[in-house]
Structures are given as structure tokens and as C-alpha cells.
Amino acid sequence: MATLAEPSLAFTRLPHPSLVPADVRDAALTDPGFGKLFSDHMVSIDWSEGADGIGAWHNATVGPLTAIPLHPAAAVLHYAQEIFEGLKAYRLQDGTMALFRPEANAARFNASAKRLAMPSLPEDLFVEACRQLVAVDRSWFPDVQGGSLYLRPFMIATEAFLGVRPAKQYKFMIIASPAGNYFKSGAPAVSIWVSQYTRAAPGGTGAAKCGGNYAASLVPQAEALERGHDQVVFLDAAEHKWIEELGGMNLYFVFEDGTLLTPPLNGTILPGITRNSLLTLAREEGLTVREEPYSIDQWRADAASGKLLETFACGTAAVVTAVGKVTDPVTGEFTIGTGGPGQLTQRLKARLVAIQRGEAEDTHGWVMRLS
Ligand code: PLP
Ligand code: COI
């Protein structure tokens with residue numbers, strides 16, 4: 001079991017004048033969907049650089065969820081100096097709330113901050129901020145199949161100036177959103193559209209979780225939806241040949257010889273925490289997992305020959321989701337396996353979910369109990 005460290009900054013609790021009435025909240029929680037509902041509170045911590053050029057975090061609060069004042073010249077609005085994370089709080093069988101690998105999110109947050117020239121946030125403070133919000137809004141946990149309280153930590157540059165340089169003032173915040181299934185249909189297998197657009201180039205920001213990457217993915221994702229597909233898959237920028245990832249998920253491929261493959265972390269894809277957890281679980285089962293480039297042509301050929309049995313996508317929001325059908329606008333459509341979730345996809349998903357929800361032993365210390 002992961003343990004909580006003593007935070008490096010104390011939080012002030014601001015009173016909430018008008019909580020959402022319990023009956024309204026509970027009615028909304030019966031069908032939360034994804035990202036539509038927000039809990040009563042939010043966390044906020046400010047960072048500013050003093051005259052001596054030294055910056056510090058201060059003013060840590062847990063207060064009512066509310067709009068934030070922002071100067072029209074705030075750097076985030078012009079040059080997109082913004083990063084975020086996504087992690088879920090679960091209610092374990094004994095009623096305790098828990099986070100899954102929050103230190104990994106904290107570490108990735110700081111890696112993103114570094115790439116976007118933003119200050120790093122002590123990991124203990126990131127985790128404590130998550131804990132504070134879950135403690136105050138645990139009644140927003142939706143008791144539905146696959147339900148969780150999705151936490152969205154983020155940081156924006158708030159300094160008002162128009163020069164192109166790193167800002168000297170930032171705000172870190174966390175909001176919480178009760179979540180059910182990520183895919184509207186709760187689909188057993190999703191269909192994928194191969195984008196002609198690229199998401200990230202070598203040397204760019206593909207490995208950082210910054211808003212700009214997602215802004216760039218909106219047109220290709222809309223194109224996927226227009227063509228009747230659930231998600232877009234991006235190929236590499238240089239050769240437009242190597243499979244990278246989906247708009248918000250990493251990919252795994254399962255072969256008939258029992259091996260798995262996932263594209264390597266070469267700087268253009270997000271180092272997914274789910275991807276990493278599944279790598280560990282699969283290797284623990286004695287499976288061979290290769291982190292190697294895999295081309296779109298090979299994907300099609302292996303699906304056709306039967307060498308490839310399954311493909312699945314993984315991420316915090318979508319957990320583990322089978323990919324059933326792929327359409328390339330140039331070369332056409334192909335189906336993977338039966339077009340539905342394969343055996344290994346289901347087994348790995350079940351193992352991961354059981355650990356996350358405290359139903360299986362947490363041998364890796366991934367589950368952090370909060371209270
Ligand atoms: N790839 C992208 C582009 C993402 O946005 C996400 C989601 O956070 C992932 C992969 C999966 O990462 P994780 O498993 O840490 O949620
Ligand atoms: C997540 O899985 O947490 C994501 O951030 C994916 C998407 C909602 C952006």
C-alpha cells in the first residue's frame with residue numbers, strides 16, 4: 001500500500017455557502033457520463049516569482065467550485081502555457097476512498113511542467129491536494145458500474161503580459177468530476193479512424209500532457225466521429241507509418257504466439273500510467289511484452305493473416321477498451337479478431353480494475369488509501 005507523506009504546505013478550508021442539495025446531486029450521479037458533472041469544491045494553489053527571482057507555492061485553499069478571475073492578458077490565454085493530469089478516486093469495498101498511483105501522476109505533471117517552462121509542484125503537495133478534494137467531496141462518488149471520481153489537476157500561467165517568455169505567476173487547481181463510462185455507448189469494442197493529421201513531432205510536446213496537444217487533436221477527432229468512428233489513431237509525423245497512440249489512450253497489440261507489443265516511449269506519445277501498469281501485470285503473468293514500433297501496414301497484414309488476435313486501448317478515463325475495427329481513409333477498413341473484446345484484453349482489464357477497486361491484492365503498492 002502506498003502511504004501519504006506530510007504535505008509541505010498547509011491548506012485553508014474556505015466555507016461553501018451553497019452546496020448542491022443532496023437529492024439533486026444523487027439524482028445526477030445515477031448517470032454521470034464523463035466530464036459533465038462537477039463536485040462542490042476545488043483546490044487552488046498559487047505560485048509566484050519574487051523580486052529576488054525565486055518562486056514559491058503559497059495560498060493553498062480548498063473552497064467552493066467557482067469561476068476564477070483571469071486578466072485578459074494572462075499568458076495561458078495567448079501562448080497556451082497549460083498542463084493537466086487525470087486520475088481517478090475509487091471507493092474500495094470497505095468504503096475507504098483510494099487513489100491509483102497518484103505519485104506517478106505527480107511525477108508526470110512535473111515532467112510536463114518542465115517541458116512547458118512551468119514551475120514544478122512538490123509531489124507530496126500534488127497528492128495532498130488530491131486527498132483534500134476527495135475528503136471534502138467523497139459524496140460525489142457515483143455508485144454505478146465502473147464509477148469513479150475523476151480528478152483533473154491542472155496548472156495555468158496567470159501572469160498578465162504579452163511577451164513570449166515563461167510567466168512568473170501560475171495557478172495550480174484540481175476539480176473533481178463524477179464519472180461513469182468514457183465511451184457514450186459503453187461499447188465493448190471501439191472503432192478507430194486513422195488520421196492524416198499528426199499529433200506530435202520529434203522534439204515537440206507529444207510526451208507532455210499539455211492542453212495544446214489536445215487542441216490539435218480536435219479536428220482529427222471530429223473527423224473520426226463524422227465518419228462513424230469512436231476515436232482517432234495518430235501515426236508518426238516523420239514517415240506517417242508508425243502507430244503512435246489514440247487521442248487520449250495508448251495502444252497494445254496481442255499476437256497469436258501470446259506476446260504483446262506497445263509503441264515505445266520515444267518522446268512523441270504520452271507515457272501512460274495505465275500503459276505502464278499493464279506492462280507490469282502482463283510481464284508478471286509471464287507474457288512477453290515488446291516496446292517496439294509497429295506500422296499501420298503491419299497492423300493490417302497481421303489482422304488479415306490472423307497473427308494479430310487483439311488490439312486494445314488504455315488510459316485512465318477509458319481504462320482498457322478493445323479496438324474492433326480500423327479504417328484508413330486511403331487503404332480502407334479492417335477488423336481485428338472477432339471485432340469484439342479478446343480474451344487477454346478482458347483478463348488484463350479485470351486484473352487492473354480489481355486492484356484499483358481493492359478487490360485483488362495490491363502487490364505493487366499502487367493503491368493509496370485516503371481515509
Ligand atoms: N495518451 C494520451 C494522449 C492521453 O491523453 C492519455 C490519458 O491520460 C493516455 C495516453 C493514457 O494515459 P494514462 O494511462 O496515464 O491515463
Ligand atoms: C485521461 O485518461 O485521464 C485523459 O486525460 C484522457 C482524456 C479525457 C483527455
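Between residues in the stretch 273-294 that are among the basic types (Lys, Arg) and residues that are within 11 Å of ligand 1 (Cβ to nearest atom), which pairs lie under 6 Å by C-beta distance while being six or more apart or on different chains?
Taking only residues 6 or more apart or on different chains, the pairs are ARG275/ASN250; ARG275/CYS314.
Is there a residue being touching a helix residue (DSSP H, G or I) at 6+ places or on another chain (Cβ under 6 Å) and surrounded by fewer than 23 Cβ atoms within 10 Å (Cβ to Cβ) anywhere in the stretch 140-159?
Yes, that holds for at least one residue.
Tally time: how many residues in the stretch 137-178 are within 16 Å of ligand 1 (Cβ to nearest atom) and modelled with pLDDT under 95?
1
Table: residues versus (1) assigned to a strand (DSSP E or B); (2) away from ligand 1 (no atom under 11 Å from the Cβ); (3) touching a helix residue (DSSP H, G or I) at 6+ places or on another chain (Cβ under 7 Å).
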position: ALA282; (1), (2), (3): no, yes, yes
position: ARG290; (1), (2), (3): yes, yes, no
position: ARG300; (1), (2), (3): no, yes, no
position: ALA317; (1), (2), (3): no, no, no
position: VAL320; (1), (2), (3): yes, no, yes
position: THR327; (1), (2), (3): yes, yes, no
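Within the stretch 332-363, how many residues are of a type outside the set (Val, Ile, Thr) and more than 20 Å from the chain's Cα centre (by Cα)?
Residues flagged as of a type outside the set (Val, Ile, Thr) and more than 20 Å from the chain's Cα centre (by Cα) within the stretch 332-363 amount to 17.
Say we look at the stretch 160-172 and pick out the residues that are of a type outside the set (S, T, N, Q) and part of a strand (DSSP E or B); which of these is surrounded by the fewest Cβ atoms within 10 Å (Cβ to Cβ)? Break it down into steps so the answer makes sense when it comes.
Residues of the stretch 160-172 of a type outside the set (S, T, N, Q): 160-168, 170-172.
Right, trim to part of a strand (DSSP E or B) and you get 160, 170-172.
Working: ALA160: 14, TYR170: 27, LYS171: 19, PHE172: 24.
This residue is ALA160.
Touching a residue at least 60 places away in the same chain (Cβ under 8 Å), buried (at least 21 other Cβ atoms within 10 Å of the Cβ) and over 16 Å from ILE192 (Cα atoms), is that true of THR316?
yes
Whether any residue in the stretch 221-228 is closer than 27 Å to LEU116 by Cα and either within 16 Å of ligand 2 (Cβ to nearest atom) or open to solvent by 10 Å² or more (accessible area, probe 1.4 Å) (or both) is what I want to check.
Initially, the stretch 221-228 is screened for residues closer than 27 Å to LEU116 by Cα, giving 221-222.
The next check asks that each one be either within 16 Å of ligand 2 (Cβ to nearest atom) or open to solvent by 10 Å² or more (accessible area, probe 1.4 Å) (or both); those that pass are 221-222.
Yes, the stretch 221-228 contains at least one residue that is closer than 27 Å to LEU116 by Cα and either within 16 Å of ligand 2 (Cβ to nearest atom) or open to solvent by 10 Å² or more (accessible area, probe 1.4 Å) (or both).
Just one of LEU149, LEU99, LEU116 is in contact with a Ser or Thr (Cβ under 8 Å, 6 or more places away or on another chain) and under 24 Å from GLY33 (Cβ atoms); which is it?
Exactly one residue qualifies, and that residue is LEU149.
Every residue, every condition in (1) within 30 Å of TRP57 (Cβ to Cβ); (2) charged (D, E, K, R); (3) part of a loop (DSSP other than H, G, I, E, B), yes or no:
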| residue | (1), (2), (3) |
| --- | --- |
| ILE175 | yes, no, no |
| TRP193 | no, no, no |
| LEU218 | no, no, no |
| GLN221 | no, no, no |
| GLY228 | no, no, yes |
| ALA238 | no, no, yes |
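Being among the aromatic types (Phe, Trp, Tyr), open to solvent by 30 Å² or more (accessible area, probe 1.4 Å) and over 24 Å from the mean Cα position of the chain (by Cα) narrows it down to one residue among PHE34, PHE11, PHE38; which is it?
Selected residue: PHE11, the only one of PHE34, PHE11, PHE38 that is among the aromatic types (Phe, Trp, Tyr), open to solvent by 30 Å² or more (accessible area, probe 1.4 Å) and over 24 Å from the mean Cα position of the chain (by Cα).
Would you mind stating whether VAL326 is more than 18 Å from LEU352 (Cα to Cα), more than 16 Å from ligand 2 (Cβ to nearest atom) and β-branched (Val, Ile, Thr)?
Yes; evaluated as a whole, the condition is true for this residue.
Going by what's in this entry, would PRO271 be described as touching a helix residue (DSSP H, G or I) at 6+ places or on another chain (Cβ under 8 Å), within 16 Å of ligand 1 (Cβ to nearest atom) and not in a helix (DSSP H, G or I)?
In short, yes.
The values are calculated or read from the model by the stated rules, or taken from the named source; none is laboratory data. Given the structure is predicted, the values throughout are model-derived calculations rather than measurements. Note that each Cβ is placed from the backbone with ideal geometry, even for glycine, and that neighbours are counted across all protein chains shown. Surface accessibility is based on the protein's heavy atoms, side chains included, excluding ligands, DNA and RNA. Shrake-Rupley method; radii C 1.70, N 1.55, O 1.52, S 1.80 Å.
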